[in-house]
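Below is one structure; the comments refer to it alone.
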């Protein structure tokens, strides 16, 4: 990750040098700051909502370019490395399909709690129109995001019963999801195991679960590669170059692919996953400090 950010900044610097030489009305700068984001979408429910998505912290850094039409109006575009994500929580009835060390798969129903901190890194390209009113600058436009990396960490607690109705005592597992690298059904028993009794038989399950442990076939990616949205923001200029400001980004596209966007509450009568047609969108707020040359 550090190498990616360093390479990104180096490429941005040389691009800035080339661009600045093209025209006197074309200027450039740098910006960085903190972001607060979440993935917003409908919740599964059984009379009450079972899922919540809360705002998560992140950061962004990158370069900006301006083309002045007049002293007051122009367009700008940016090249940003930006973290977006959400703090996801599920609490209520559900199921678990768990691989065991002897090659079997357990199908359990019961109650579960899932806490998951999702972090997605994007290469964002905002394209905006702006106007300056004294020391205040107002902007609006579009944002194109390219997903660079995607992962999540958290924990699972589950207790319930087997398919024949025997009680399964509550157990827990760590969640370590690398959405762009993990494979369906992939688990690593070398990271530790937990023994649970199902129908009177002890079963060793992994202590740490990967992104697609419940699936047996490749369904593509969990998160979409391209994100598209709208931007609006305002900035205050302390002097000719130094500025502070904020921006709101509202996603227009569904960031979760349908292949893995399935119900966490139940399977169908044949034991297959039930697809969800939810539209999950990125919503983020960015607070930045920067300098424009």
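Only a single item in (1) in a loop (DSSP other than H, G, I, E, B); (2) under 17 Å from the mean Cα position of the chain (by Cα); (3) more than 16 Å from residue 215 (Cβ to Cβ) is not met by residue 144, and it is number (1).
Residues that are surrounded by fewer than 16 Cβ atoms within 10 Å (Cβ to Cβ) and either touching a helix residue (DSSP H, G or I) at 6+ places or on another chain (Cβ under 9 Å) or part of a loop (DSSP other than H, G, I, E, B) (or both) within the stretch 191-206 comprise 192, 199, 200, 204, listed in sequence order. Of the conditions (1) at pLDDT 95 or above; (2) within 30 Å of residue 192 (Cα to Cα); (3) surrounded by fewer than 20 Cβ atoms within 10 Å (Cβ to Cβ), residue 104 fails just one. Which one is it? Residue 104 satisfies all of (1) at pLDDT 95 or above; (2) within 30 Å of residue 192 (Cα to Cα); (3) surrounded by fewer than 20 Cβ atoms within 10 Å (Cβ to Cβ) except (1). Regarding the stretch 244-267, can at least one residue be identified that is closer than 30 Å to residue 61 by Cβ, over 26 Å from the mean Cα position of the chain (by Cα) and part of a loop (DSSP other than H, G, I, E, B)? So far as the stretch 244-267 goes, no, none of its residues is closer than 30 Å to residue 61 by Cβ, over 26 Å from the mean Cα position of the chain (by Cα) and part of a loop (DSSP other than H, G, I, E, B). Does residue 253 count as within 19 Å of residue 150 (Cα to Cα), touching a helix residue (DSSP H, G or I) at 6+ places or on another chain (Cβ under 8 Å) and surrounded by 14 or more Cβ atoms within 10 Å (Cβ to Cβ)? No. Might you let me know whether the stretch 23-44 holds any residue that is at pLDDT below 80 and part of a loop (DSSP other than H, G, I, E, B)? Scanning the stretch 23-44 turns up at least one residue that is at pLDDT below 80 and part of a loop (DSSP other than H, G, I, E, B). When 218, 188 are checked against the criterion of being without any contact (Cβ under 8 Å) to a residue 60 or more places away in the chain, farther than 30 Å from residue 144 by Cβ and loosely packed, with under 14 Cβ neighbours inside 10 Å, 188 stands alone in meeting it.
Test of understanding: among 8, 55, 60, which residue is under 28 Å from residue 222 (Cβ atoms), in contact with a strand residue (DSSP E or B) (Cβ under 6 Å, 6 or more places away or on another chain) and at pLDDT below 80? That would be 8, the only listed residue that is under 28 Å from residue 222 (Cβ atoms), in contact with a strand residue (DSSP E or B) (Cβ under 6 Å, 6 or more places away or on another chain) and at pLDDT below 80.
Screening residue 132 on (1) modelled with pLDDT under 95; (2) surrounded by 14 or more Cβ atoms within 10 Å (Cβ to Cβ); (3) part of a loop (DSSP other than H, G, I, E, B) shows it passes everything except condition (3). From the list 164, 187, the one residue that fits, being in contact with a strand residue (DSSP E or B) (Cβ under 8 Å, 6 or more places away or on another chain) and modelled with pLDDT under 95, is 187.
The values are calculated or read from the model by the stated rules, or taken from the named source; none is laboratory data. Since this is a predicted model, take the numbers as computed values, not measurements. Using ideal geometry, Cβ is built from the backbone for each residue, glycine included, and neighbour counts are taken over all protein chains shown.
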